[in-house]
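These notes concern the structure reproduced below.
The values are calculated or read from the model by the stated rules, or taken from the named source; none is laboratory data. If you're wondering where the values come from, they're calculated on a predicted model, not measured in any experiment. Because the Cβ atoms are built from the backbone with ideal geometry, glycine has one as well, and the counts that use them run over all protein chains shown. For accessibility, only protein heavy atoms count, side chains too; no ligands or nucleic acids. Shrake-Rupley method; radii C 1.70, N 1.55, O 1.52, S 1.80 Å.
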Amino acid sequence: MSGETHDAVITEPSTEDGSELWRIARDSRSLDLNSSYAYLLWCRDFADTSAVALVEGRPVGFVIGFVRPAAPDTVVVWQIAVDGGQRGKGLAGRLLDHLLDRLAPRGVRHLETTITADNTASIALFSALGRRRGAPVRRADLFAADHFPDEHAAEDLYRIGPFAPVPALV
C-alpha cells in the first residue's frame, strides 16, 4: 500500500467502504470477524459514530462505534483495525482522536471498549489514549469466558474518561 499514514484522510465511512473494512478485520487475524453484511450495516447506520482512514481513496483503517442508549455520554468502540501496511504509524490513535473530537460537541465524555487480557496491543492503544487525553482509564470484569458459547476468552471493560468538555463556540 502506498502512501504514508500522515497522508490518510479520516472521515465517516460510507456503505462503499464496508467490504474493505471487512477485509481489514479479516486480515488482522486477531479480531472477531463479523459477517460482511454487518460491516455494510455499520457503515450505513453507524457512520456518525465511526471513522475510516483513506489513503488514495482506499480504506486502510477504521474504528466502529456506537453511543450507548443508556449512557449518551459514552461511545463504545466495537472494533478498531489498521491494514497491515499501515500499522506502527499511529493511525489507530489518530482514528480514536478524530472520533472523540467529532463526538465531543454531542456531549460524549467517555469511551468504552472491551479487550481480552492477552491483547497487549489494544491495552497499550487505549491506555495511551487516556494519557493523551488526560483521562483516567478504568478496567473492570465484564464478560467471563463462560458467558460465551464458544472458546472466546473473557472480555474486560475499559472505560476512559471523563474527557474535558469542548468549550462552547461564541
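Checking 10, 24 one by one, the residue that is open to solvent by less than 40 Å² (accessible area, probe 1.4 Å), of a type in the set (A, V, I, L, M, F, W, C) and outside any helix (DSSP H, G or I) is 10 and no other.
Of the set (1) open to solvent by less than 10 Å² (accessible area, probe 1.4 Å); (2) among the hydroxyl-bearing types (Ser, Thr, Tyr); (3) more than 23 Å from residue 161 (Cβ to Cβ), all apply to residue 37 but (1). Flag: residue 51 does not match the condition of being out of contact with any His (no Cβ under 9 Å at 6 or more places or on another chain) and aliphatic (A, V, I, L, M). All conditions but one from (1) more than 20 Å from residue 102 (Cβ to Cβ); (2) in a helix (DSSP H, G or I); (3) hydrophobic (A, V, I, L, M, F, W, C) apply to residue 33; the one that does not is (2). For beta carbons closer than 8 Å, sequence separation of 6+ or different chains, a first residue in the stretch 47-59 that is at negative phi and open to solvent by less than 10 Å² (accessible area, probe 1.4 Å) and a second that is assigned to a strand (DSSP E or B) and small (Gly, Ala, Ser), the qualifying pairs are 49/65; 50/65; 52/61; 53/61; 59/53.
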